[in-house]
Ligand SMILES: Nc1ncnc2c1ncn2[C@@H]1O[C@H](COP(=O)(O)OP(=O)(O)O)[C@@H](O)[C@H]1O
Ligand SMILES: [Mg+2]
């Protein structure tokens with residue numbers, strides 16, 4: 001049980017800076033997810049916390065003690081690798097007890113701890129097998145079991161589910177959530193999958209090109225993204241972005257005009273916008289609805305519809321050629337080339353300035 | 001003639017099989033001939049055409065036993081091979097570890113450079129090495145042979161172990177580090193057990209190379225530290241050629257290593273085809 005503090009962490013491979021000054025606080029019992037596109041430095045950040053990579057500058061504190069230069073073996077952290085990294089020459093039991101054997105824990109309590117972990121993870125019948133005789137999901141459990149028995153200060157996971165098939169991934173995701181609830185341990189989890197981030201995290205850290213874009217609770221990030229990157233990265237299908245120009249700024253609202261001539265009044269309170277400046281309107285697919293032709297806020301032409309059973313995703317183009325994604329219920333039936341009106345839920349819209357930063361939030365989501 | 005696919009396949013297997021047997025017999029024949037000759041009298045050994053039918057005799061072996069102390073030479077061979085192999089492993093394993101898991105941009109060229117030293121003709125450095133050994137007062141000592149054999153075999157040992165270590169995912173070593181293993185524990189509990197097949201092949205190869213080495217043993221030893229290769233050579237020159245006795249002593253020199261090789265065939269094949277299978 002522990003908290004972690006990272007200040008101004010920098011890491012470079014040769015001339016390429018991979019982590020560009022990371023500041024982060026992780027509290028006791030928290031499930032923190034690092035999410036971001038492939039290659040953004042998530043694994044590198046996790047590995048510096050683990051001690052498997054040196055840092056160029058900056059500090060890492062575990063429970064107020066600096067661990068920046070400490071060997072991984074001395075940090076008392078456990079890591080679950082994407083490849084599972086089980087010891088192939090040891091049985092499941094030995095894999096799980098290895099750390100305790102090294103630590104010189106007595107045989108009796110090792111047995112107890114291994115048995116307890118095996119019970120939680122339903123590995124009891126597999127204890128005498130070698131890793132090569134296990135399925136992917138079972139190996140995954142052993143890797144998790146190996147870290148549970150140690151009762152480490154923090155659990156580190158590096159994309160632990162990405163080698164599993166879709167069904168198993170959902171199941172393991174639930175088990176991880178349950179595990180976190182039962183163990184009440186601090187966990188740091190790396191993934192590129194925003195669904196895992198949204199469903200598992202107490203706190204999501206969105207990384208992009210070695211920098212933290214935003215930190216917050218999943219729903220907070222979803223509803224109040226700080227910039228276009230976070231807004232676009234979280235949410236399936238993606239948020240649609242439309243270019244616009246500011247017409248008028250009121251105390252509690254902003255009037256904008258889209259490229260296709262549509263005028264909208266958004267209930268966003270902001271001081272920093274000037275009339276005539278260029279902005280980007282962000283709308284999530286669930287905040288747009290279809291309506292009759294020639295009605296609604298604007299007219300669009302349909303391109304493709306994806307029927308998922310529960311929902312239908314409609315991909316459309318505005319008359320100025322910009323893409324718009326609309327999420328509708330399953331009964332919706334539109335055909336390619338068809339023109340219809342759409343109604344925009346202006347209370348849920350996002351507005352970004354030219355640098356891509358949110359200019360403010362819709363009034364009703366303001367706390 | 002029209003061959004079905006199955007017949008073609010059978011024919012191919014047959015031809016390849018016959019070729020393999022042919023080559024194997026060709027390679028084996030000298031050894032077979034040596035063994036045969038060692039049981040002939042000197043006259044029979046020398047006769048043309050060579051005789052296949054003869055009354056086997058142990059006379060040669062008995063003479064050798066009288067004239068020289070086989071076990072003295074065999075013991076030297078064993079000591080030198082085993083200690084040189086151990087010393088080699090002690091250096092090669094850490095070297096290969098750092099090259100395989102902490103690779104820098106010069107690792108590959110260092111390896112190639114090490115291997116390239118094997119291409120120098122040993123005779124080119126005979127005089128300097130002889131003088132060095134002499135000045136160190138190590139002429140005709142096992143220590144000199146051990147050190148020299150180790151140095152000769154190190155490049156190939158490091159290279160072999162490096163290729164085996166390369167096959168081990170780095171993650172597993174990192175997992176051990178996370179589990180609290182010290183460097184030594186990481187190596188002894190995880191790395192070495194995982195690569196024991198490869199290490200065994202390397203040890204075997206080193207033993208064989210040391211056992212068979214003749215150039216340095218002939219030049220640096222005379223009697224006290226002389227291994228079996230020197231014993232064999234002593235039967236070939238001074239008193240003219242005695243084919244049967246030479247064959248008998250050669251058989252005695254080869255026997256131990258052939259027996260070891262026979263029992264560890266599988267390891268050996270795997271070890272020697274490293275690199276080729278990739
Ligand atoms: N050992 C290394 N040497 C050089 N570059 C590396 C090394 N490890 C990672 N990188 C680079 O660092 C960047 C971030 O990598 P990583 O942290 O693994 O990304 P992520 O886990 O977010 O996909 C990538 O561009 C990758 O190419
Ligand atoms: Mg990664």
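Read-outs: derived from the displayed coordinates by stated rules, not from any lab. Values in this document were obtained by computation on a predicted structure and should not be read as measured data. Glycine gets a Cβ as well: all are built from the backbone with ideal geometry, and neighbour counts include every protein chain shown.
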Under a point spin-label approximation (7 Å from Cα along Cα-to-Cβ), what is the residue A:193-residue B:135 distance to one decimal in nm? 6.8 nm
If packing is taken as the average number of other Cβ atoms within 10 Å across a peptide's residues, how do A:137-143, A:116-122 rank, most packed first? A:137-143, A:116-122
GNM flexibility winner over chain A from A:161, A:70, A:221 (Cα, springs under 10 Å): A:70
For chain A, built as a Gaussian network whose Cα springs stay under 10 Å, the top-fluctuating residue of A:247, A:348, A:74: A:74
Starting from the Cα-Cα distance between residue B:107 and residue B:233, subtract it from 0.36 nm times their residue separation and give me the gain in nm to one decimal. 41.3 nm
For n ≥ 4 DSSP H runs only, could you compute -39500 (n - 2.57) per run for chain A, divide by its residues and tell me the 222 nm figure to the nearest 500? -7000 deg cm²/dmol
Residues B:166, A:274, B:142 arranged by fewest to most Cβ contacts within 10 Å: A:274, B:166, B:142
Checking B:252, B:11, B:53 against a Gaussian network model of chain B (alpha-carbon springs below 10 Å), the top fluctuating residue turns out to be B:11
Relative to the longest principal axis of the C-alpha atoms of chain A, give the angle of the C-alpha long axis of helix A:107-120, reported between 0 and 90° and rounded to the nearest 10°. 30 degrees
Calculated FRET efficiency for the pair residue A:202/residue A:293, C-beta based, R₀ 45 Å, to 0.05: 0.50
Taking all pairs of different Cα atoms in region B:67-275, averaging 1/r and flipping that mean, what Kirkwood radius in angstroms comes out? 18.8 Å
If neighbour count is taken as other Cβ atoms inside 10 Å, put A:115, B:105, A:153, B:9 in order from fewest to most. B:105, B:9, A:115, A:153
Normalised per residue, the volume of the convex hull around the Cα set of the protein assembly as shown (Å³): 289 Å³
Taking the alpha-carbon centroid of each part, what is the distance from region A:218-232 to region B:143-180 in angstrom? 50 Å
Which whole-number percent gives the relative contact order of region B:67-275, counting Cα pairs below 8 Å spaced six or more residues apart? 32 percent
Averaged over peptide A:80-91, how many Cβ atoms belonging to another chain are found within 10 Å of each residue's Cβ? 5
For region A:224-367, what does the relative contact order come out to in percent, with C-alpha contacts under 8 Å and a separation of six or more? 27 percent
Relative contact order as a percentage, chain A, C-alpha pairs under 8 Å and 6+ apart, gives 15 percent
For chain B, find the longest principal axis of its Cα atoms and tell me its angle to the long axis of helix B:70-101, 0 to 90°, nearest 10. 20 degrees
Across 10 Å bins from the origin, how do the percents of Cα pairs in region A:4-232 run, short distances first? 8, 32, 35, 20, 5, 0
Cα centroid of region A:97-128 to Cα centroid of region B:100-127, whole Å: 46 Å
Using 7 Å Cα-to-Cβ label points, what is the residue B:14/residue A:363 separation (nm, one decimal)? 9.5 nm
Computed from the beta carbon distance with a Förster radius of 35 Å, FRET efficiency for residue A:265 and residue A:27 to the nearest 0.05 stands at 0.30
Cβ density ranking, 10 Å radius, fewest first, applied to A:91, B:48, A:186, B:202 yields B:48, A:91, A:186, B:202
Distance in nm between label sites at residue A:252 and residue A:133, each 7 Å beyond Cα in the beta-carbon direction? 7.1 nm
Could you calculate the FRET efficiency of residue B:72 with residue B:212 from 1/(1 + (r/R0)^6), where r is the beta carbon distance between them and R0 is 25 Å, rounded to 0.05? 0.85
Compute the long axis of helix A:166-183 from its Cα atoms, compare it with the longest principal axis of the Cα atoms of chain A, and write down the angle in degrees, 0 to 90, nearest 10. 70 degrees
How much space per residue, in cubic angstrom, does the convex hull of the C-alpha atoms of region A:1-123 take up? 147 Å³
